[in-house]
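The next block holds one structure in the form of structure tokens; read it before the comments.
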Amino acid sequence: MHPDHSEKLKRLNRIEGQVKGIKKMIEERRYCVDILTQLKAVGSAIKKVEHAVLKDHVHGCLKSAIKSGNDLDIQNKMDEIMALIDKRI
């Protein structure tokens with residue numbers, strides 16, 4: 001069974017509000033540095049959600065695969081994580 005990520009919806013709703021605020025700042029032709037500051041804040045917030053989901057995956061999905069003893073499932077889970085890490089580089 002997959003982890004419940006519903007608690008991350010609060011963060012994502014906040015991020016959505018921040019993105020709408022940035023859009024409004026651009027429409028209002030606000031100062032570039034102010035816009036960039038908000039963009040960095042959104043990027044950081046998204047990375048925190050990403051980290052939380054990855055942590056849940058490792059502590060839930062990967063841990064379950066390890067407990068099952070199914071070598072193919074374990075390898076698939078580890079390969080998925082490594083593919084995600086490779087995309088970040």
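Do the conditions hold for K20, that is, is it modelled with pLDDT of 95 or more and surrounded by fewer than 13 Cβ atoms within 10 Å (Cβ to Cβ)?
Yes.
Please state which one of R14, R29 is outside any helix (DSSP H, G or I) and either touching an Asp or Glu at 6+ places or on another chain (Cβ under 9 Å) or among the charged types (D, E, K, R) (or both).
R29
Being in contact (Cβ under 8 Å) with a residue 12 or more places away in the chain and closer than 25 Å to K47 by Cβ is the filter; apply it to region 66-79 and report the residue that is surrounded by the most Cβ atoms within 10 Å (Cβ to Cβ).
Result: K77.
Yes/no per residue for (1) under 16 Å from the mean Cα position of the chain (by Cα); (2) modelled with pLDDT of 95 or more:
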| site | (1), (2) |
| --- | --- |
| E16 | yes, yes |
| K24 | no, yes |
| Y31 | no, yes |
| T37 | no, yes |
| V42 | yes, yes |
| E50 | yes, no |
| H57 | yes, no |
| D79 | no, yes |
| D86 | yes, no |
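The values are calculated or read from the model by the stated rules, or taken from the named source; none is laboratory data. Being a predicted model, the structure only gives us computed values, none of them experimental. Positions of Cβ are backbone-derived with ideal geometry, glycine not excepted, and every protein chain shown enters the neighbour counts.
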